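Following: one structure in structure tokens, then a few remarks.
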Amino acid sequence: MGKSDSYLSERMKLYFSVIVIYFSLSCYDRQPILLNTDTTVQTNNIQPQQNSHLPFLDTLIIISDHHSLLTVGMHIKDKEAEKLLYEHFLKKGILSRTELQIRSTINMDLQTVDYDTIYEIQSANISGAVISYWLGPSDLNGHCFQPGKAIILNTKKGYRIKNEGFIPTNFAIDSVKGTNIYGYEYECGGTGVLRQFRVRLR
């Protein structure tokens, strides 16, 4: 083999190595960012899900202020949660979408909040709900615009909204059982559902 053939062989090895590294990085499973001052992420494990080709994310979030919580009380109703949501964001200077439309002289590009739904949570240590809401300019829409999520906790001072963004907006909730939240991670750019998840609150 001549010098030219040897040189080409070395170049082919180099190209092959680069291709292998590229695909290895592309297939690496991205971990979600679950950060909040009131919670601690104890586990964040990717597991293959039974009877599904999708990976399964199993995460435990520990709520740190248990001393201020009540676990016995009335179940929070939709209207009560909606009122609590708007009062919570009004303290930050954010109006509900309806209120902004009433005040038509206000800039419609301002950030607004709009109630979506609640999922009740209940265990021996935690009582309340996961609340889903739309946060953004009043005219913002489209399938890539996903609702935010926060936790409503039953405290000694009444219901309080805590832990805004405890899961990313592209994590859609299917159901809640006890304090286990089930759903899937969604990518709106064409990939669709990336994986399913369970978030356990404790």
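Bear in mind that the values in this text are calculations on the coordinates, not laboratory data. Since the model is a prediction, treat every value here as computed from it, not as a measurement. Cβ atoms come from the backbone with ideal geometry, glycine included; neighbour counts cover every protein chain shown.
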Counted neighbours (other Cβ, 10 Å), sorted fewest up, put 202, 195 in the order 202, 195
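Expressed as cubic angstrom per residue, what is the convex hull volume of the alpha carbon set of region 154-202?
Numbers: hull volume 4.1 nm³, N = 49.
Taking only Cα atoms, region 154-202 has a hull volume of 83 Å³ per residue.
Note down the relative contact order for region 54-156 as a percent, whole number, built from C-alpha pairs under 8 angstrom at least six residues apart.
Over region 54-156, the number comes to 29 percent.
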Considering the Cα trace of region 54-172, what is its radius of gyration and what is Dmax, both in angstroms?
15.6, 49
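Could you work out how much longer the chain between residue 188 and residue 69 gets when fully extended? Use 0.36 nm per residue separation minus the Cα distance between them, nm to one decimal. The partial results should precede the final answer.
Values: separation 119, 0.36 × 119 = 42.84 nm, distance 3.69 nm.
Separation in residues times 0.36 nm, less the Cα-Cα distance, equals 39.1 nm.
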